[in-house]
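A.B. asks: Starting off with a structure, shown below.
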Amino acid sequence: MFSFDSVTVKRGAKTIVTGASAQCRTGELTALVGPNGAGKSTLLQAIAGILPGEGHVLLDDNPMTGKERRDNVAYMPQDTGAQSSLTLLEVILLGRINSLGLSLPEELVAQAEAALDQFGLAGLQNRALDEVSGGQRQLVYLAQALFSAPRVLLLDEPTAALDLRHQLVVLQAVRRYASEHGIVVIMAIHDLSLAAQFADQIICLDHGRIDGCGKAEEVFTTARLRDLYGVEAEIEKLSSGRLHISAVNAIPTDA
Amino acid sequence: MTARTIVSNISEAASAASSSYRNLFNRRLTWLVAGLAGLAISFVFDILTGPAFLSVSDVVLSLFAPQQSDETVLVIVRSIRLPMTVMAIFVGASLGVAGVIMQTILGNPLASPYTLGFSTSAGFGASIAIFTGFTLPLVPWLTIPFAAFLMAAVAAGLVYSFATLKAMSSEVMILAGIATLFLFQSLQSLVQYLAAPEVLQAIVFWLFGSLLKASWSNVPIVGTVFIICFLAVIPDLWRLTALRLGDMRATALGIDVKRLRIKMFVLITLLTSAAVAIVGTIGFVGLVAPHIARMLVGEDQRLLVPMAAVMGAFVITTASICSKLISPGSVIPIGIVTAIIGVPFLFILILRKQRNNW
């Protein structure tokens, strides 16, 4: 069990996240949703220990120190299109930066290759990062995060640059990895249908406060979506049992 | 397909992948070895060239069997040319390493030891020493290098003070560095404006940068600083590599980016100050050597940092050879020649490469 309790993050005089608390079970995927500027990235960075903040982060009910967070929590930032001519394999290897020395064991290189291979990028291992597409770059960063063998994986918009097929590939891979390795995954995501399809738990964030937390069916209501996004939404339960969420009106209700 | 076949196929695939990476790494390593071989050749040719004609056997005998060598040749090789060549290697290596680290921590391909104003401030320090005629007691020969080093340290302190106010972000470091550069450039111009013609001539000669100032008393200073700084960089090579993914990703990988920048900033200050304090302002090497190295060995700093050192040393020794050949009988200050040598070399590499390396 992983939990964060009363997490508050301030930037100057402005409070970005206020008293956020939630629990996430191991082997499960939690989706963090909310409008732009709600504080999703800030909350993830505070949990990862990248941004200073108040509150507690606990793994198996034990408060995590800074070092424990660095060793056990992997954070994958949004793709900012950073250009680098590092090869894809070198990027993956950096996921275990504390294990890297002047020479690299064959086994480690083979494992890094396998990490690339799970996303079908094995043949591109010597390709430079700035020579691949935005979607492929996103997959490489995800493979890097998984290569670090974290106990808690925080993903910031992991499907933002991906086409429909790769969105499914990534989320299926993440869910499978979480289940097989018993890790906690929290991902910030904008696509509510994907969140409902893949996440075991949904956390709604609005103006830095947690507005709702639970199963997709409980959290996604037309009233809440109207409040959160200012959009009249239609929530449809498909024959497969999944939720499909779409906007009814082309124009937001408050526009 | 049997289980054994599947395991065998996976094992072969992993092995092929691993060997593919090894092939790339070995190819890059070969470039490093080739660079060292090129440096060894330019080292010998630099000692061979000069106003007095020497043969290869003269040089080899002087270096390895001094008892069999002619005394005049011995003096030329061991007391005049060898310290100049060794100084060229240490200065080039220092500027190459300082340049590549600067480009990495600032995430900027235009960065070099000049970017933060260290070289310009060293020039101002030397100018002040020449202008005032002040000499250090006991070690008068160290006056100008000391003044240059001191002023470079002052410039570093200025940039550092501003940058720490904004968490050592690369943008603030560059802005503070450029402001410092212009400040010391103006002060330098003021000193030159006020100086008498003979003093002005001495200042300008120092600013050109010349290996003629090298001697066995000052070579160990630059050499020791280089070796200490180079060894200090080694534990952080992977962290520097990670910094090429940007500050946020490096931080997400558990790297204390601010602390890393401060450490590298100190090392760059030491490397640049020591290099320019003795021989004067030698431009362009700190910019071009890292780019040449990056084109040949990529971004893995385990190879890039040593390659930048080798390329820096190679460019300066080659420039030193040319500075003696351009006008036979005299030695043109090396600071004038480095860009003339470095630019065409860089252009050739850019044209031959299919892709952008930054």
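A.B. asks: Might you report the magnitude of the Cβ-based charge dipole of chain A about its Cα centre, with Lys and Arg at +1 and Asp and Glu at -1, to the nearest 20 debye?
C.D. replies: Once rounded to the nearest 20, the dipole reads 340 debye.
A.B. asks: A follow-up question, please. Once the stretch B:164-253 is represented by equal point scatterers at the alpha-carbon sites, with solvent omitted, what log10 I(q)/I(0) does the Debye formula produce at q = 0.15, 0.18 Å⁻¹?
C.D. replies: Result of the Debye calculation: -0.97, -1.05.
A.B. asks: Among A:Q167, B:V337, A:P35, pick out the residue whose Cα is farthest towards the positive end of the charge dipole of the protein assembly as shown, where Lys and Arg carry +1 and Asp and Glu carry -1 on C-beta, about the Cα centre.
C.D. replies: In the protein assembly as shown, that residue is B:V337.
A.B. asks: I've got another one for you. I want the antiparallel fraction of DSSP beta bridges within the protein assembly as shown, as a percent rounded to 5.
C.D. replies: Bridges in the protein assembly as shown are about 60 percent antiparallel.
A.B. asks: For peptide B:239-250, what's the mean number of Cβ atoms from other chains within 10 Å of each residue's Cβ?
C.D. replies: That average works out to 6.
A.B. asks: Can you compute the charge dipole magnitude of chain B about its Cα centre, using +1 on each Lys and Arg Cβ and -1 on each Asp and Glu Cβ, nothing else charged? Give it in debye, rounded to the nearest 20.
C.D. replies: The dipole of chain B has a size of about 1020 debye.
A.B. asks: Return the tail of the calculated pair distribution for the protein assembly as shown, meaning the percent of Cα-Cα pairs more than 46 Å apart.
C.D. replies: 31
A.B. asks: With 18 Å as the limit, write out which pairs from A:K10/A:K40; A:K40/A:K237; A:K40/A:K67; A:K215/A:K237; A:K14/A:K40; B:K213/B:K324 have Cα-Cα distances beyond it, or answer none.
C.D. replies: Working: A:K10/A:K40 14 Å; A:K40/A:K237 27 Å; A:K40/A:K67 23 Å; A:K215/A:K237 14 Å; A:K14/A:K40 15 Å; B:K213/B:K324 15 Å.
Checking Cα-Cα distances, A:K40/A:K237; A:K40/A:K67 exceed 18 Å.
A.B. asks: Which helices, taking whole DSSP H runs in chain A, have alpha carbons extending 20 angstrom or more along the helix axis plus mean Kyte-Doolittle at least -1.0?
C.D. replies: Working: long enough: A:164-181 (25 Å, -0.27).
Helices meeting the span and hydropathy rule in chain A are A:164-181.
A.B. asks: Remind me, relative contact order of chain B in percent, using alpha carbon pairs under 8 angstrom and six or more residues apart?
C.D. replies: Relative contact order for chain B comes out at 29 percent.
A.B. asks: Let me ask something else. If packing is taken as the average number of other Cβ atoms within 10 Å across a peptide's residues, how do B:181-187, A:175-181 rank, most packed first?
C.D. replies: Result, highest mean Cβ count within 10 Å first: B:181-187, A:175-181.
A.B. asks: Next question, about the same structure. Based on DSSP H runs of at least 4 residues, each adding -39500 (n - 2.57), what is the mean residue ellipticity at 222 nm of chain A after dividing by all its residues, to the nearest 500 deg cm²/dmol?
C.D. replies: The helix-only estimate for chain A comes to -9500 deg cm²/dmol at 222 nm.
A.B. asks: Output the Cα-based Rg and Dmax of chain A in Å, rounding Rg to one decimal and Dmax to a whole number.
C.D. replies: Rg then Dmax for chain A, in Å: 18.7, 60.
A.B. asks: Next question. Per DSSP H run of n ≥ 4, the term is -39500 (n - 2.57); total these for chain B, divide by its residue number, and report the mean residue ellipticity at 222 nm rounded to 500 deg cm²/dmol. Before the final figure, lay out the partial values.
C.D. replies: Details: 15 runs with 267 residues, N = 358.
When only DSSP H runs of four or more count, the value is -25000 deg cm²/dmol.
A.B. asks: Counting Lys and Arg as +1 and Asp and Glu as -1, each charge on the Cβ, what is the dipole of the protein assembly as shown about the Cα centre in debye, to the nearest 20?
C.D. replies: 920
A.B. asks: Sorted by packing (mean other beta-carbon atoms within 10 Å per residue), highest first, where do B:218-230, B:312-324, A:147-159, B:27-39 land?
C.D. replies: B:312-324, A:147-159, B:218-230, B:27-39
A.B. asks: Out of B:G298, B:G117, B:G335, any idea which swings most in a Gaussian network model of chain B, alpha carbons joined below 10 Å?
C.D. replies: Looking only at B:G298, B:G117, B:G335, the largest GNM fluctuation is found for B:G298.
A.B. asks: What helices does chain B have that are whole DSSP H segments, at least 18 Å long along their own axis by Cα, and with mean Kyte-Doolittle hydropathy of 1.0 or more?
C.D. replies: B:82-106, B:118-132, B:143-165, B:170-194, B:219-233, B:257-279, B:301-325, B:334-352
A.B. asks: If you don't mind, there's one more thing I want to ask. Between A:Y141, B:P328, A:T8, whose Cα lies farthest towards the positive end of the dipole of the protein assembly as shown when Lys and Arg beta carbons carry +1 and Asp and Glu beta carbons carry -1, centred on the Cα centre?
C.D. replies: B:P328
A.B. asks: Listed highest first by mean packing, meaning other Cβ atoms within 10 Å per residue, what order do B:92-103, A:115-126 come in?
C.D. replies: Ranking the peptides B:92-103, A:115-126 by packing returns B:92-103, A:115-126.
A.B. asks: Here's something else I'd like to know. What is the average number of partner chain Cβ atoms found within 10 Å of a Cβ in A:87-96?
C.D. replies: Mean number of neighbouring Cβ atoms from other chains: 5.
A.B. asks: Further question: Pick out, from B:S215, B:L181, B:Y193, the residue whose Cα sits farthest towards the positive end of the charge dipole of chain B, with +1 on the Cβ of Lys and Arg and -1 on the Cβ of Asp and Glu.
C.D. replies: B:L181
A.B. asks: Classify the stretch B:228-358 from the C-alpha gyration tensor, please: rounded if a/c falls under 1.5, else prolate or oblate depending on whether a/b exceeds b/c.
C.D. replies: Oblate.
A.B. asks: Evaluate the relative contact order of the stretch B:195-288 (contact order divided by residue number), counting alpha-carbon pairs under 8 angstrom at least 6 apart; express in whole percent.
C.D. replies: 51 percent.
A.B. asks: According to the square roots a ≥ b ≥ c of the eigenvalues of the Cα gyration tensor, what is the shape class of the stretch B:27-357, taking rounded for a/c under 1.5, prolate for a/b larger than b/c otherwise, and oblate for the remainder?
C.D. replies: Since a/c reaches 1.5 but b/c is at least a/b, the shape of the stretch B:27-357 is classed as oblate.
A.B. asks: Please compute the average number of Cβ atoms from other chains found within 10 Å of each residue's Cβ in peptide A:98-111.
C.D. replies: 4
A.B. asks: Just add up the charged neighbours of A:Q111: K/R +1, D/E -1, any other residue whose Cβ is under 12 Å from the Cβ of A:Q111. Present the calculation step by step, with values, prior to reporting the outcome.
C.D. replies: Working: positive: A:R96; negative: A:E106, A:E107, A:E113, A:D117.
Net charge around A:Q111: -3.
A.B. asks: With the cut-off at 1.5 for a/c, could you classify the stretch B:39-146 from its C-alpha gyration tensor as rounded, prolate or oblate?
C.D. replies: Oblate, because a/c is 1.5 or more while a/b does not exceed b/c.
A.B. asks: Something else: What percent do you get for the relative contact order of the stretch B:16-165 when only Cα pairs under 8 Å and 6+ apart count?
C.D. replies: Numbers: 89 pairs, mean separation 19.8, N = 150.
The normalised contact order for the stretch B:16-165 reaches 13 percent.
Quick note: the coordinates plus some simple rules give every number you see, no bench work behind them. The structure displayed is predicted, hence computed values, not measured ones. Here Cβ is always computed from backbone atoms with ideal geometry, including for glycine, and neighbour counts include all displayed protein chains.
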